[in-house]
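Values in this text are rule-based calculations from the coordinates and carry no lab data. Computed from a predicted model, the values in this text were never measured in an experiment. So basically every Cβ, Gly included, is an ideal-geometry build from the backbone, and we count neighbours across all protein chains shown.
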Amino acid sequence: MNSTSGSGLRRLAVTTAATVTALVSAGGVAQAAPAALQSQEIRTFADKCFTVRNQSAANSVPIDQFQCQGDFAQQFSLVASGSGTYYITTFAGKCLTVRNQSAANSVPIDQFTCQNDFAQRFSLVPSGSGTYYIRTFAGKCLTVRNQSAANSVPIDQFTCQNDFAQRFSIAVPA
């Protein structure tokens, strides 16, 4: 990575932190969301992490759950996108995206070039015990497919059902 890219990422992190701080101070919607000061792990009910499949930087690569290893493919950042929504960015600087902008159930979540697209905006809704539902533009929730605890299971969107497979913790890795 060249120094220009690094300084651009630092500016993004500082800008994001300032935005989140301003929203929290103003009593806005961001109060329930964790601060986007640095990369974060998104953990599933099985204590596994969202992972960019095969550590790929390509477009249309699915997001899976996989044993947390602290590697770069498991680091995500929340970037405020307005109206209480966030872009969730990957190590490749791409955004989590509902595949094909679909509102259907069982649609995978991929990484794709950030395009200020509605299918790349997510809201975080507290679900208790420090966990969140991550809602899509369609009002559906990110879900671990088939409530599986196995590695390499895709993250999909599905109707919100107050289900354990739809609750995620978001934390800065140790």
Inset, instruction - Specify whether the C-alpha gyration tensor of segment 72-138 places it in the rounded, prolate or oblate class, a ≥ b ≥ c being the square roots of the eigenvalues: rounded for a/c under 1.5, otherwise prolate if a/b is larger than b/c and oblate if not. - result: rounded
Legend entry - Point-to-point label distance, residue 59-residue 129, nm (Cα→Cβ direction, 7 Å offset): 4.0 nm
Inset, instruction - Treating the Cα atoms of segment 50-90 as identical point scatterers in vacuum, please give the log10 of the normalised Debye intensity I(q)/I(0) at q = 0.15, 0.24, 0.30, 0.35 Å⁻¹, two decimals. - result: -0.40, -0.82, -1.03, -1.20
Legend entry - Net charge of neighbours whose Cβ lies under 12 Å from the Cβ of residue 126, counting Lys and Arg as +1 and Asp and Glu as -1: +2
Legend entry - Integer Hz, Karplus 6.51/-1.76/1.60 couplings in order for segment 119-124, x for Gly and Pro: 6, 10, 9, 10, 10, 9
